[in-house]
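Peer 1: For reference, the structure I am asking about is given below.
What follows is calculated from the coordinates using simple rules that are stated; it is not laboratory data. Since this is a predicted model, take the numbers as computed values, not measurements. Quick reminder, even Gly has a Cβ in these numbers, built from the backbone with ideal geometry, and neighbours come from all protein chains shown.
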Amino acid sequence: MKTSMQIGRWAAVVALLAAAALPCSAAETAVLRNGFSIRHERREIIGTITRLYVNGDDSSFVDVPTAEIDHFEAVPVQAAPSEPAAHRDAPPLADIRSGVDLNEVVKAASGTYHLDPDLVNSVIRAESGFNVRAVSPKGAQGLMQLMPQTASQLGVQNAFDPQANVEGGTRYLRELLERYDFDLIKALAAYNAGPQRVEQYGGVPPYYETKAYVARIVRDFNRKKLAAKVAAQPAQPSVPKHANSIHTPATNPHKPSPQTQAKAASTPDPQSAAQ
């Protein structure tokens, strides 16, 4: 019996390594041995490391020791490949089964708890991909992935009710922000790993999943703010080519002040992105 169990365990390890070595084009969740999970678009083996690409263009990835991965789980694809990028980036207007306008739900909850709707939408995207019926391997449920105990404490009787789930999750996020003096990084880490872990490590705990989670939300939120800023800028009038040949001497020449350009990294450092 002992020999059979050992063979079975080795067979499971070989199967896991063989599956991980294959390219993956559909969204998956890598479930780690510590109970955490990392959602990714594809993966590849590099020596003893499994590289998990957390977005479609491979600009952001997380390296995880292959031995720390327990198994992989498929997750539903939220957008059809032929759907325009602008549509994939935006939250669904309504959940078909419930007939609820998710934009209005997020707007109402964000107004109640004085949070930016873009931040709440970024959290929902990272948590469930706007899947109302999402359930994590650890039992978190709904759009904002509330654990049953947390949902009960927040007064959410049905975590699969979009309005109740978003209202409860937004309230919880606000409570975490207040708890950590509006340190967004700590609040997001606590939302993912639990406040006790943040306090234990004095910040983002050293978990791959939590680090990737925080970075993903901050990157998505910052991208939305940048897009909104660009969209709000007035269009610059075009200058005729012949105007470049006209030179007007300055009556009071002065040295122009240097311009400063902020360069955003593709994957922000979770410890400093909120500053």
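Peer 1: Over 28 Å between Cα atoms, which of LYS138/LYS229; LYS186/LYS225; LYS138/LYS211 qualify? Don't skip to the end; give the middle numbers.
Peer 2: Details: LYS138/LYS229 38 Å; LYS186/LYS225 20 Å; LYS138/LYS211 18 Å.
Over 28 Å apart, Cα to Cα: LYS138/LYS229.
Peer 1: Taking every eigenvalue of the Cα gyration tensor of the range 109-196, multiplying by 5 and rooting it, what semi-axes result, largest first, whole Å?
Peer 2: For the range 109-196, the ellipsoid semi-axes come out as 18, 14, 12 Å.
Peer 1: Quick check on packing: order 219-231, 157-169 by the mean number of other C-beta atoms within 10 Å, highest mean leading.
Peer 2: 157-169, 219-231
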